[in-house]
Amino acid sequence: MSTYSNRENSSNAEPSTATNRNQSRQQQLDTPPNSPESSDHGSKACCFCWCCCCSCSCLTVRNEETRSSNSIDIKNAPNIEPPSLEEIKSWSDSFDKLMQSPAGRYYFREFLRSEYSEENMLFWMACEELKTEQQNPQIVEEKARLIYEDYISILSPKEVSLDSRVREIINRNMVDPSPYTFDEAQLQIYTLMHRDSYPRFLNSPIYKKLCAGEIRL
């Protein structure tokens, strides 16, 4: 009689337990995903923090790019004679005039820095310097090796963009370097800057401020 009573009590408890489970499952289904009951504060804070960090990072990058394209740091300007307004405006006549002017090259280089392509100007200038070394073959060889490592090697972070034909010419010339080892590459980079960067420089805030007299060396 006692055994049967225990079984009866157990069977009566099972429906109650099942009912509680169903009620709990229904409560979970009825709870909105964004309600406090469905997620803890930690996960919400984490999500919110991630969104804010992402937004702040993007805004910071955009602000830095805007500042770099609209301003120029002239504190480290070399000893260059300040260009006249007439000379500055003449830079828009041709890319050759810009590159023939020391001040023009300086400002154009600063513009390239803001576009993360300063290596093109640095490579061109290094080639020009190499051409001045006509007397000492050892210096020519050393400078040619440094130019190759800095701007031609695919392992360099400052590698310039050259096609395979020009690279083959450079590799042949490096067997016996001369002051004119990189002539083909220099011409290709010069043409790239002329066609790609120069038009953007003329339309940039930097050049417009120069023409307006707002930026001076």
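At-a-glance table
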| item | result |
| --- | --- |
| Output for the stretch 183-201, where each listed residue is surrounded by 15 or more Cβ atoms within 10 Å (Cβ to Cβ) and in contact (Cβ under 8 Å) with a residue 40 or more places away in the chain | Asp183, Ala185, Gln186, Ile189, Tyr190, Leu192, Met193, His194, Ser197, Tyr198, Phe201 |
| Filtered residues of the stretch 172-191 (kept if within 11 Å of Glu128 (Cα to Cα) and touching a Leu at 6+ places or on another chain (Cβ under 6 Å)) | Pro179 |
| Meets criteria (of a type outside the set (A, V, I, L, M, F, W, C) and free of Cβ contacts under 8 Å to residues at least 60 places away in the same chain) for Ser178 | yes |
| Residue ID - surrounded by the fewest Cβ atoms within 10 Å (Cβ to Cβ), chosen from residues in the stretch 83-140 that are β-branched (Val, Ile, Thr) and touching a Leu at 6+ places or on another chain (Cβ under 8 Å) | Val140 |
| Those residues of the stretch 164-182 which are open to solvent by 60 Å² or more (accessible area, probe 1.4 Å) and of a type outside the set (S, T, N, Q), in sequence order | Arg165, Glu168, Arg172, Val175, Asp176, Tyr180 |
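The values are calculated or read from the model by the stated rules, or taken from the named source; none is laboratory data. As the structure is a computational prediction, the values presented were derived from the model and not from experiment. Please note: Cβ atoms are built from the backbone with ideal geometry, for glycine as well, and neighbour counts cover all protein chains shown. Note: areas computed on protein heavy atoms with side chains; ligands, DNA, RNA excluded. Shrake-Rupley method; radii C 1.70, N 1.55, O 1.52, S 1.80 Å.
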